[in-house]
Amino acid sequence: MMIVMKEEATADEVRSVVARVEASGARAHVIEGELQSVIGAIGDQEQVADLELEGVPGVDHMVPISRPYKLASLQVTHGTPTTLDIAGAKIGGEHFATIAGPCTVESRDSLLDTARAVKEAGAQMLRGGAYKPRTSPYSFQGLGEEGLELLAEAKELTGLPVVTELMDVRELEPVLDVADVIQLGARNMQNYTLLTEVGRAGRPVLIKRGFSSTIEELLMAAEYVLKEGNSDVILCERGIRTFETGYRFTLDLMAIPVLKELTHLPVVVDPSHAAGRRDLVPSMSMAAAAAGADGIIVEVHPEPESAICDGPQALRAREFAAYLRQVEQVAEIAGKRVAVPA
Ligand code: PEP
Ligand code: MN
């Protein structure tokens, strides 16, 4: 049950509702909105139904939520999708945003070249990993703190907000120094301690769907972050594992409209990791935009043949502007607004 407090509700009234919820045996989570507070009462259905909070001072109305995820549910916002503002880049609701950059930060020159190219083409955010989740322990694991410093330089140069992956809570502090959005990778989608810590850190989070995870499990992962009071969560479909071997993963495009039915959170699509092949990236990006995605996160490299990781799926930096125009046209047909490059 969500208890929506009146705009003018006092802190004492919020506290007294929390006390009533807790006295019933349910748990209370207060979400301080810009205009009003919402209290999530989480417990078994009967406990919560017996709360009898209608008419209690400060309470506006109650919203029953039957799904296992509560704060991620579309019911919480009465069917209104959430728009996030990431250092000026809007995503969600009517806003479509593109996050582009290399798989991993490899060198100063290649990162700055890519950052300039994606900025000029009109991308809204820069991606790039300093800590890389690699299948093989013998593969390049990322530049670590040096990579973060280069991302800070690229941000300074282009003004683009940075999306970068956090793999381990021990790296939270340095990642927080540069990340405008913390990426939690597919392999960590169900790392519940990491989700909780990132929730507490209060920085926007992009959660990638685990490649064997259901849509509901993805929403439960988001719930871990939201439960800590961090409401800035972006969900990412990046392909799931099926029996098909013709490409790297199967891009689950149907997850987009289905997520939109269930959650208010923005949904982006990563066609690069799903495809594993550059030639499939433009069509799958357009298909994602047509299906209602709020944005794309895509790998771009100045010279994919020499990329340290994921070169075969990276778009060529010099081809990125033409690609982006096509995707944005489809997003506009699907009813989205695309920011004009500054
Ligand atoms: C990435 O975005 O670089 C990445 C490793 O993605 P995923 O976690 O989806 O495999
Ligand atoms: Mn990659």
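Some observations on this one:
- Assigned charges on the beta-carbon of Lys, Arg, Asp, Glu; region 80-208 dipole about Cα centre (debye): 460 debye
- Scanning residues 5 or more positions from residue 263 or on other chains, those with amide H under 5 Å from its amide H are 74, with H placed 1.01 Å from N in the peptide plane.
- Residue-span extension gain [residue 176 to residue 279] - 0.36 nm each, minus C-alpha spacing: 33.6 nm
- Fewest-first sequence of 50, 60 by Cβ atoms within 10 Å of each Cβ: 50, 60
- Other-chain or far-sequence residues with amide H under 5 Å of residue 129's (modelled H): 104, 105
- FRET efficiency estimate (nearest 0.05) - Cβ-Cβ, residue 241 to residue 290, R0 35 angstrom: 0.90
- Gyration tensor verdict on region 70-143 (Cα atoms; rounded if a/c is under 1.5, prolate if a/b is larger than b/c, oblate otherwise): oblate
- Loop-resident sites, region 85-146, for GluC sites (Glu not before Pro), counting at most 16 other Cβ within 10 Å (DSSP): 94
- Based on DSSP H segments of at least four residues, each scored -39500 (n - 2.57), the chain has a per-residue ellipticity at 222 nm of -10000 deg cm²/dmol.
- Span-rule helices in the chain, defined as complete DSSP H runs reaching 15 Å or more along the axis (Cα) with Kyte mean at least 0.5: 215-227
- Residue 157-residue 19 FRET efficiency (beta carbon distance; Förster radius 56 Å; 0.05 resolution): 0.65
- Cβ-to-Cβ counts within 10 Å put 140, 320, 96 in ascending order as 140, 320, 96, the fewest first.
- In region 91-186, the trypsin sites (Lys or Arg not before Pro) that fall in loop regions by DSSP, at most 15 other Cβ within 10 Å: 134
- Note on residue 306 and residue 196: the extension gain reaches 35.9 nm, defined as 0.36 nm multiplied by sequence separation minus the Cα-Cα distance.
- Total lysine pairs in region 84-338 at Cα distances under 27 Å, for residues eight or more apart or on different chains: 21.
- Taking the chain and dividing mean pair separation by its residue count, relative contact order in percent (alpha carbons under 8 Å, at least six apart): 16 percent
- In order along region 240-245, the Karplus-derived 3J(HN,Hα) couplings, from 6.51 cos²θ - 1.76 cosθ + 1.60 at θ = phi - 60°, round to 10, 7, 10, 6, 6, 10 Hz, and Gly and Pro are given as x.
- In a reduced charge model with +1 at each Lys and Arg Cβ and -1 at each Asp and Glu Cβ, region 2-64 shows a dipole moment near 140 debye about its Cα centre.
- Among the GluC sites (Glu not before Pro) within region 233-285, those in coil by DSSP and having at most 15 neighbouring Cβ atoms inside 10 Å are 244.
- Global form of region 85-198, assessed from the alpha-carbon gyration tensor, a/c cut-off 1.5: oblate
- Difference of contour (0.36 nm per residue) and Cα-Cα distance, residue 334 to residue 107: 78.0 nm
- Phi-derived couplings, Karplus 6.51 cos²θ - 1.76 cosθ + 1.60 at θ = phi - 60°, listed residue by residue for region 63-70: 10, x, 10, 8, 6, x, 9, 10 Hz, with x used for Gly and Pro.
- Within region 190-342, percent of DSSP bridges classed antiparallel, to nearest 5: 10 percent
- Phi-based couplings in Hz for region 35-42 (Karplus 6.51, -1.76, 1.60; Gly and Pro marked x): 9, 8, 8, 10, 10, x, 9, 10
- DSSP beta bridge pairing in the chain, given as percent antiparallel to the nearest 5: 40 percent
- Prolate/oblate/rounded call for region 2-64, Cα gyration tensor, a/c under 1.5 rounded: prolate
- When each of 1, 189, 254 is scored by the number of other beta-carbon atoms lying within 10 Å, the sequence from fewest to most is 254, 1, 189.
- Rg/Rh ratio calculated on Cα atoms of the chain (Kirkwood radius): 1.00
Rule-based calculations on the coordinates, nothing more; no lab input. Here the structure is a predicted model, which is why all the values come from computation and not from measurement. Here Cβ is always computed from backbone atoms with ideal geometry, including for glycine, and neighbour counts include all displayed protein chains.
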